[in-house]
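To start, the structure under review is shown below, and the notes come after it.
The values are calculated or read from the model by the stated rules, or taken from the named source; none is laboratory data. All values derive from a computational prediction rather than experimental measurement. Every residue, glycine among them, receives a Cβ derived from its backbone with ideal geometry; neighbour counts consider all protein chains shown.
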Amino acid sequence: MKPTKTFPPSPGSFPAEVEAQERFGSKARALQFYENQVVTALNSRMQEFIARQEMCWIATADQHGQCDSSFRAGPHGFVSVLDARRLIFPEYRGNGVMASIGNILANPRIGLLFLDLYQSTIGLHVNGRARVLGNQEVAEMPDVVPEVLEASQVKGGRHPECWVLVDIDEAYIHCSKHVPQVKKVEKQFHWGTDDEQKKGGDFFRLQSL
């Protein structure tokens, strides 16, 4: 599917965006951005960009608008682009709260931010509607290639608890001017560990309160 530019973007937020633009005098800049940067599907460069990323941030909210932001990481391509309008990523066992998954079950809207901190310092926003799928459902999807399933098994030998499939509504650039460039250093990852010290321990000293 060929990516197309969209106007207005994000129907749910658009009236409030316009109100803010009019209040703070940014409407002309916003119109230029919508015209030049916002598309309804991932073009080939966006797809290649996502395939190189080892991390992303996701934002969700429940049916009452209570928000949560979270970090996800994995090997290159842990977020897999199925086609120009869909991507998928695995969810592993964490602290047991499952705030993001709970929010998605109540409200499918999701925002993802990919930041290339090591090379271009460019970011990519992807907004859409998410669905939670089980491992068997994903394994039976005809367009999920074996490499996606194989790559999901690298976290300490643990299987994903579930998957998040995103139907994309819009994608657009996050400019690099304020994004720091980071030097990557070696770090031992402890995927799936239950060792409290390796997970960070009581870093914020909550146990002593």
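Close Cβ contacts (under 9 Å, 6 or more residues apart or on different chains) running from residues in segment 43-65 that are under 17 Å from Cys175 (Cα atoms) to residues that are at pLDDT 95 or above and in a helix (DSSP H, G or I) comprise Cys56/Ile50.
Leu115 meets all of the listed conditions (1) at pLDDT 95 or above; (2) surrounded by fewer than 18 Cβ atoms within 10 Å (Cβ to Cβ); (3) under 12 Å from the mean Cα position of the chain (by Cα); (4) within 25 Å of Glu147 (Cα to Cα) but one, namely (2).
One line per residue, one yes/no per condition, for (1) at pLDDT below 90; (2) aromatic (Phe, Trp, Tyr):
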residue: Pro3; (1), (2): yes, no
residue: Phe7; (1), (2): yes, yes
residue: Pro11; (1), (2): yes, no
residue: Glu17; (1), (2): yes, no
residue: Gln37; (1), (2): no, no
residue: Arg52; (1), (2): no, no
residue: Cys56; (1), (2): no, no
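Candidates Asp195, Asp169: the one that is of a type in the set (Asp, Glu) and buried (at least 16 other Cβ atoms within 10 Å of the Cβ) is Asp169.
Quick one: which of Val138, Val132, Val164 is of a type in the set (A, V, I, L, M), touching a helix residue (DSSP H, G or I) at 6+ places or on another chain (Cβ under 9 Å) and surrounded by 19 or more Cβ atoms within 10 Å (Cβ to Cβ)?
Just a single option satisfies the conditions, and that option is Val164.
Just give me the residues in segment 58-81 being buried (at least 16 other Cβ atoms within 10 Å of the Cβ) and within 24 Å of Glu150 (Cα to Cα), in sequence order. Those that are buried (at least 16 other Cβ atoms within 10 Å of the Cβ) and within 24 Å of Glu150 (Cα to Cα): Ile58, Arg72, Gly74, Gly77, Phe78, Val79, Ser80, Val81. Taken over segment 39-70, the criterion of being touching a Lys or Arg at 6+ places or on another chain (Cβ under 8 Å) and in a strand (DSSP E or B) is satisfied by Val39, Met55, Cys56, Trp57, Ile58, Thr60, Ala61. Whether any residue in segment 82-96 is in a loop (DSSP other than H, G, I, E, B), basic (Lys, Arg) and either modelled with pLDDT of 95 or more or surrounded by 16 or more Cβ atoms within 10 Å (Cβ to Cβ) (or both) is what I want to check. Taking every residue of segment 82-96 in turn, at least one turns out to be in a loop (DSSP other than H, G, I, E, B), basic (Lys, Arg) and either modelled with pLDDT of 95 or more or surrounded by 16 or more Cβ atoms within 10 Å (Cβ to Cβ) (or both).
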